[in-house]
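Everything on this sheet refers to the single structure shown next.
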Amino acid sequence: MKASRFTAAHQSMTFSRRMMLVGGAQAAFGGLLVARLGYLSVAQNKHYRLLSESNRVQLIIVPPRRGWIVDRRGKPIAINRSDFRVDLIPEQVEHPTETLRTLTDILQLTPDDVDRIIKEMKASRGYQPVQVAENVPYDQYAAITVRLPELPGVSPQRGFSRFYPAGPAVAHLVGFVGAASAKDYEKEKNPLLVTPGFKIGKEGLEKVLEPKLRGIPGGQRVELTARGKLVRELEPKPDRSGQTVQLTIDADLQEYAARRMGDQSGALVAMDVTGGDLLAYVSMPAFDPNSFSDGIGRTEWRMLSEDDHIPLLNKVAQGLYPSGSTIKPAMALAFLKQGIDPARRVNCPGGIRIGNRYFRCDAVHGSMDMHSAIERSCNTYFWATGLITDPEKTTEMVQYLGYGEKFDLPIPSQRFGTMPSPKWLKEKYHREWQGYDTANTSIGQGYVLINPMQLAVMPARLASGKLLLPRLLMPDRRLPTPNLDVDPAHLEIVRKAMSAVVNERGTAVGSKLPLEGILMAGKTGTAQVFKLGQRGHQSNWALRDHALFISFAPADAPRFAIGCIIEHGGFGASAAAPIVRDCMTYLFDRQKAMDALAPLEKQWGGTLAERTARRQAQFEAASKANLQA
């Protein structure tokens, strides 16, 4: 009996101890839970509240308005204008098939458009919009708006699109904008890039200046249900527009030069010689940047890509050409620096023999000194003088004046050409410099290649006597430009000879300025393309010689310099010089220059815009006829 009582008491005591241990453990665990809950609800309240917000609040990006590009006087070159587009909010679309059918009828969507929209709707998240169409005509936009009650999920939007008032005249200068590609998004994982209606710079200044022009996006926060349905719109965050960029360009001169070039293929660059400001940067023919920004059609793209004048090529930045005789003023300075007497005379019997080759001049010029050799463009003088001077030092002077030089400009894909020398030839082709290399270089042929920008810098430096650098962006402050390390007396000899080219008996005497008291100095050039001795007489356009002209004015107190090349124009005097004359006239007397342009455009069949529209219509008609045949 005692054993039994002991056992019961022992069991009771053991059970009580166990209960106390379990209860204590439960109390401790409960305390930990309470403490953790307190920590989460108080100390971590802000953190988890934000996480909760992110689950039910979505941010819709509002694209910023792109910064303007304006000329030196503030005239718009690239601006934004109001446009209309239509988006879809996938989660709000109740009947996708019927909705797309209605939108197709109103907006005239193509099957490719519909396929894209369906694909993007499937990939879209909730309230994220999908673009249906942009640049929608107002009548279509209005038709969508009045039918909104029967089109849930359709969201007509009023936004901004890029617009270039001068069209093709500024195409190769400013470039264009377009929707970001997959490659663009890979480089910059920015959700703004895939926002409907947002575009980035794709070419030209639009591309290079993208960081300045883009701006900062805004946002619209929207409260959604767990299934993505819109509850309400919260306070928006406004976007910040991109910066306005001011160029040194004179927009009026830019447009005039583009029109004056007519249907020619080539480039023209104008500079202010007092500081290096670029006033015109023209490459023709060109494309309409508005077409690219709006989404170019297949027919227009084919028309541009099949044109043998290559309107898609920026000839100012990427075109390389022999300089022809435009190199002769620089060659003369090089000769003077090496001690050649400008009065020294060379007889031109119509050519010169160098080794076993006979180099034929354009004419029998007779006795030539330096002045008359530049004025009459006598090759024999430069061949003979080049042979008694150091070609390495000669090349250094020509490069010093701009040919072959690289310039720091906000232009993509620039090519800078070649100014050959004995050292360059040895490194490049592993051979020694020969007399015929001197002959070719002395008249801007052989290995000599320059771009149209250099064609303007050369006369600007000759005219100003300063080491001018071309600039395209209006500077905040202007720094002094160093003088050329050239004897001023030598510069004056060359300037007078260049004035004689236009105003006395020179090769451009037909291109005098029609202005009282203002003389233009210049130098013609004809760069051989096909064969020596044929000098531009080919009937095949692609085999004709290039025509070049460099100039500055006024000759006695220079303010402006212009370089121009007309591809396969034949002769500098007849093709390039008249264009430069009229553009230079425009800088001094705009009305007189416009009066000269009017009959030319009538002869060509209308203005640049009219001819472009007509050419596109003809190409489209021909394309349709070919499809039907």
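See the values below:
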item: Residue match in region 223-231 (condition: of a type in the set (D, E, K, R) and at pLDDT 75 or above); result: no
item: Yes/no for Asp263 being free of Cβ contacts under 8 Å to residues at least 40 places away in the same chain, part of a loop (DSSP other than H, G, I, E, B) and either in contact with a Ser or Thr (Cβ under 7 Å, 6 or more places away or on another chain) or closer than 29 Å to Val501 by Cβ (or both); result: no
item: Answer from Tyr400, Tyr381 - the residue that is crowded, with 24+ Cβ neighbours inside 10 Å and in the same structural domain as Pro470 (by TED's automatic domain parsing); result: Tyr381
item: Gly606, sole failed condition from (1) modelled with pLDDT of 95 or more; (2) part of a loop (DSSP other than H, G, I, E, B); result: (1)
item: Residue satisfying condition, being surrounded by 13 or more Cβ atoms within 10 Å (Cβ to Cβ), over 29 Å from Pro459 (Cα atoms) and without any contact (Cβ under 8 Å) to a residue 40 or more places away in the chain, within set Ala621, Ala609, Ala625, Ala613; result: Ala613
item: Single unsatisfied condition, Trp541 versus (1) free of Cβ contacts under 8 Å to residues at least 60 places away in the same chain; (2) surrounded by fewer than 16 Cβ atoms within 10 Å (Cβ to Cβ); result: (1)
item: So Asp239, is it in contact with a Pro (Cβ under 9 Å, 6 or more places away or on another chain), surrounded by fewer than 21 Cβ atoms within 10 Å (Cβ to Cβ), among the acidic types (Asp, Glu) and over 30 Å from Val529 (Cα atoms); result: yes
item: In region 412-426, the residues that are closer than 20 Å to Arg461 by Cβ and either at pLDDT 95 or above or touching a His at 6+ places or on another chain (Cβ under 8 Å) (or both); result: Phe416, Gly417, Thr418, Met419, Ser421
item: Any hit, region 427-441, residues being modelled with pLDDT of 95 or more, buried (at least 17 other Cβ atoms within 10 Å of the Cβ) and under 31 Å from the mean Cα position of the chain (by Cα); result: no
item: Region 171-214, residues that are crowded, with 17+ Cβ neighbours inside 10 Å, in a loop (DSSP other than H, G, I, E, B) and of a type outside the set (Val, Ile, Thr); result: Gly175, Ala179, Ala180, Pro196, Gly197, Phe198, Lys199, Leu209, Arg214
item: From the options Leu268, Leu336, Leu279, Leu313, residue that is assigned to a strand (DSSP E or B), out of contact with any Leu (no Cβ under 8 Å at 6 or more places or on another chain) and of a type outside the set (Gly, Ala, Ser); result: Leu268
item: Flag if Ala270 is closer than 22 Å to Cys564 by Cα and touching a Cys at 6+ places or on another chain (Cβ under 8 Å); result: yes
item: Residue within region 343-365 that is surrounded by 15 or more Cβ atoms within 10 Å (Cβ to Cβ), in contact with a Phe, Trp or Tyr (Cβ under 6 Å, 6 or more places away or on another chain) and part of a helix (DSSP H, G or I) present; result: no
item: Qualifying residue in region 454-470 (condition: hydroxyl-bearing (Ser, Thr, Tyr) and free of Cβ contacts under 8 Å to residues at least 60 places away in the same chain); result: no
item: Filter result (within 16 Å of Ala497 (Cβ to Cβ), free of Cβ contacts under 8 Å to residues at least 60 places away in the same chain and within 39 Å of the chain's Cα centre (by Cα)) within region 374-418; result: Cys378
item: Among (1) of a type outside the set (Val, Ile, Thr); (2) at pLDDT below 90; (3) at positive phi; (4) buried (at least 17 other Cβ atoms within 10 Å of the Cβ) - the single one Gly167 does not satisfy; result: (2)
item: Test: residue in region 570-585 that is out of contact with any strand residue (DSSP E or B) (no Cβ under 9 Å at 6 or more places or on another chain), part of a helix (DSSP H, G or I) and charged (D, E, K, R); result: yes
item: Output for region 381-403, where each listed residue is out of contact with any helix residue (DSSP H, G or I) (no Cβ under 7 Å at 6 or more places or on another chain) and small (Gly, Ala, Ser); result: Ala384
item: Test: residue in region 421-430 that is assigned to a loop (DSSP other than H, G, I, E, B) and farther than 30 Å from Arg471 by Cβ; result: yes
item: Every pair of residues 6+ apart whose Cβ atoms lie under 9 Å, when the first sits in region 295-316 and is farther than 25 Å from Ala257 by Cα while the second is in a loop (DSSP other than H, G, I, E, B); result: Gly295/Glu134; Gly295/Asn135; Gly295/Ala179; Ile296/Phe287; Ile296/Asp288
item: Set Asp87, Asp105, Asp112: member being over 21 Å from Glu210 (Cα atoms), in a strand (DSSP E or B) and in the same structural domain as Leu151 (by TED's automatic domain parsing); result: Asp87
item: Hits in region 464-505 - residues which are surrounded by fewer than 20 Cβ atoms within 10 Å (Cβ to Cβ) and among the charged types (D, E, K, R); result: Lys466, Asp476, Arg477, Arg478, Asp485, Asp487, Glu492, Lys496, Glu504, Arg505
item: Test: residue in region 475-485 that is at pLDDT 95 or above, within 24 Å of the chain's Cα centre (by Cα) and over 18 Å from Ala576 (Cβ atoms); result: no
item: Residue in region 444-463 that is in a strand (DSSP E or B), buried (at least 17 other Cβ atoms within 10 Å of the Cβ) and not aliphatic (A, V, I, L, M) present; result: no
item: Residue that is surrounded by the most Cβ atoms within 10 Å (Cβ to Cβ), among those in region 103-114 that are modelled with pLDDT under 90 and of a type in the set (Asp, Glu); result: Asp113
item: Unique match (being surrounded by fewer than 22 Cβ atoms within 10 Å (Cβ to Cβ) and among the acidic types (Asp, Glu)) among Asp277, Asp288, Asp250, Asp263; result: Asp263
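The values are calculated or read from the model by the stated rules, or taken from the named source; none is laboratory data. Note that the coordinates shown come from a computational prediction; the quantities given were computed from them, not determined experimentally. Methodologically, a virtual Cβ is constructed for each residue, glycine included, from the backbone with ideal geometry; neighbour enumeration extends over all protein chains shown.
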